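Chemist: Mind looking over this structure? Questions follow.
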């Protein structure tokens, strides 16, 4: 029999049988898996059991995501030890749940690295649901004395149980400075303590890749708006939670014209077009906000900007749609004059969108009247790729805005604002786009809204 996976599994089972025989003879034998009490783990000194076949339980109840699959491909090319070439969407989902648990406790990346190092060694990052070593189960191979079967097969519960013991064994945060392999061994009490440190480097690579996808967006979201009377508004939101941190602050002054479309260039600069056939474009320089909103008289830049929708991507490109034609301009200054606006490239026809926002450099998103949520990667004239993220229900929004980082806000005419988060806004898929609830059910009475791009990472 030459199948390494089968041989490895048989070796494990032989050791279990031998241990049971010793116990039957009345001799002392150490338990095979980690336990809150000091116990010696008994396991064969195989160099890797990555390919061994076990019964597995899901790690994320919602299953794997396209981001998990993309990270698996990335990690297979960057890992250097045991797991190189063996990462899958499932294994990434398991590591993600562990990293998420460490993050949610505020323990930071080092705690996540310690936990991921452990599951690399113990289970090759798999939620094993069969009792291979005595009554051990789960990612960490925890014994029955740790908790119930369902608890040990719950990656969040199992990770917290591991971290609880780590904190008990290393008071005053001393685990932060201890050798990673030593911390793993102290919690797990393995017969092979040297295995952990060998995997610590790869655990760090895995955590660094996964962490941004569990930590959520960070940054301040600055949202500008225009009221029906022509006043400007400013509202600040927290990038991670979506909650208001400031606002809404309303200007005393009015624009002095009827605005048609707007785009925020940066914290202190907004572009606004005037309703009318000439398509007059203005630059509005905001001097202060947070506690009050003051702006200089709008600076007239030029005519011909008849766009119904505008969006700036934060990296020099302004997008506008008029009559279904998408155009892209290059903005060459933070406070542009007409000479700083160049390009005027007609990307293509057929962009019959109801709303428009920019989600990243040369990426835009919008909603159609039939409720579809669409995303586009723009390369140049006649060169673009479109994706359908949702097939319906988004017709309820009259404004769509994004500060980047996968965050989307949808505004409804009755004054509510809803937040969404796309784990990977550039994968062209909507299976990792989730609703985060209402920022506010009422109060957003602006006729136009625009978020400062690139403020959320």
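Chemist: Take residue 66 and residue 296, extend 7 Å from each Cα along the Cα→Cβ direction, and tell me the distance between the two endpoints in nm.
Modeler: Output for this residue pair reads 4.3 nm.
Chemist: What translational D, rounded to a whole number of µm²/s, comes out for the stretch 379-453 from Stokes-Einstein when the hydrodynamic radius is the Kirkwood one over Cα pairs, at 10 °C and 1.306 mPa s? List each step's numbers first, then the result.
Modeler: Values: Rh = 13.5 Å.
Answer, rounded: 117 µm²/s.
Chemist: So how do 201-208, 328-335 stack up, highest first, on mean other-Cβ count within 10 Å?
Modeler: Going from most to least packed, we get 201-208, 328-335.
Chemist: Quote the FRET efficiency, to the nearest 0.05, computed for residue 275 versus residue 369 with a Förster distance R0 of 25 Å and r equal to the Cβ-Cβ distance.
Modeler: Values: r = 21 Å, r/R0 = 0.82.
Between residue 275 and residue 369 the formula returns 0.75.
Chemist: By count of other Cβ within 10 Å, fewest leading, how are 143, 110 ordered?
Modeler: With the fewest neighbours first, 143, 110 line up as 110, 143.
Chemist: Ranking request for peptides 303-309, 259-265, 243-249: highest mean number of other beta-carbon atoms within 10 Å first, then the rest in descending order.
Modeler: Packing order, densest peptide first, comes out as 259-265, 303-309, 243-249.
Chemist: From the P(r) of the stretch 82-196, can you give the percent of Cα pairs sitting at distances over 17 Å?
Modeler: Roughly 51 percent, once rounded to a whole number.
Chemist: Please say if the stretch 220-451 is rounded, prolate or oblate, where rounded means a/c under 1.5 for a ≥ b ≥ c the square roots of the C-alpha gyration tensor eigenvalues, and otherwise the choice is prolate for a/b larger than b/c and oblate otherwise?
Modeler: Values: a/c = 1.59, a/b = 1.07, b/c = 1.48.
Oblate is the answer for the stretch 220-451, as a/c is 1.5 or above yet b/c matches or exceeds a/b.
Chemist: Take the Cα of residue 252, step 7 Å along the line toward its Cβ, and report every residue of the stretch 270-291 whose backbone nitrogen sits under 12 Å from that point.
Modeler: The answer is none.
Chemist: Along Cα→Cβ, 7 Å out, is where each label goes; now give me the distance between the ones at residue 337 and residue 148 in nm to one decimal.
Modeler: Between residue 337 and residue 148, the label points sit 7.3 nm apart.
Chemist: Let me ask something else. Taking the alpha carbon gyration tensor of the stretch 181-279, what are the square roots of 5 times its eigenvalues, largest first, to the nearest whole Å?
Modeler: 55, 15, 8
Chemist: Also: Is it possible to state the helix-based mean residue ellipticity at 222 nm for the chain, with each DSSP H run of 4+ residues giving -39500 (n - 2.57), the sum divided by total residues, to the nearest 500 deg cm²/dmol? What is it?
Modeler: On the way: 8 runs with 116 residues, N = 457.
Estimated from H runs of four or more residues: -8000 deg cm²/dmol.
Chemist: Rounded, prolate or oblate, given the Cα gyration tensor of the stretch 55-130, with a/c below 1.5 counting as rounded? Spell out each step's value before the answer.
Modeler: Numbers: a/c = 1.26, a/b = 1.12, b/c = 1.13.
Rounded, because the longest to shortest axis ratio a/c is under 1.5.
Chemist: Give me the orientation-averaged projected area of the Cα convex hull of the stretch 329-383, in nm², one decimal.
Modeler: If you wrap the Cα atoms of the stretch 329-383 in a convex hull and average its projections, you get 4.4 nm².
Chemist: Pop the C-beta distance of residue 285 and residue 73 into the FRET formula with R0 = 60 Å and round what comes out to the nearest 0.05.
Modeler: So, using R0 = 60 Å, E works out to roughly 0.85.
Chemist: Tell me the Kirkwood radius of the chain: reciprocal of the mean inverse pair distance over distinct alpha-carbon atoms, in Å. List each step's numbers first, then the result.
Modeler: Working: mean 1/r = 0.0402 Å⁻¹.
Kirkwood radius, the chain: 24.9 Å.
Chemist: How many angstrom lie between the Cα centre of the stretch 421-453 and the Cα centre of the stretch 355-369?
Modeler: Result: 11 Å between the Cα centres.
Chemist: Provide the packing ranking of 434-441, 177-184, i.e. peptides ordered by the mean count of other C-beta atoms within 10 Å per residue, highest first.
Modeler: Packing proxy ranking, top to bottom: 177-184, 434-441.
Chemist: Would you mind pulling out the separation of the Cα centroids of the stretch 278-298 and the stretch 155-214, in Å?
Modeler: Computed from Cα coordinates, the inter-centre distance equals 52 Å.
Chemist: Gain in length, residue 412 to residue 169, computed as 0.36 nm per residue apart minus the alpha-carbon separation, to one decimal in nm?
Modeler: On the way: separation 243, 0.36 × 243 = 87.48 nm, distance 5.21 nm.
Length gained, residue 412 through residue 169: 82.3 nm.
Chemist: Right, next: Order these by the 10 Å Cβ neighbour count, fewest first: 210, 167.
Modeler: Exposure proxy ranking, most exposed first: 167, 210.
Each value in this text was obtained by applying a stated rule to the coordinates, not by laboratory testing. This one's a predicted model, so the numbers in the text were calculated from it and none came from an experiment. A quick note on method: Cβ atoms are made from the backbone with ideal geometry, for glycine too, and the neighbour counts reach across all protein chains shown.
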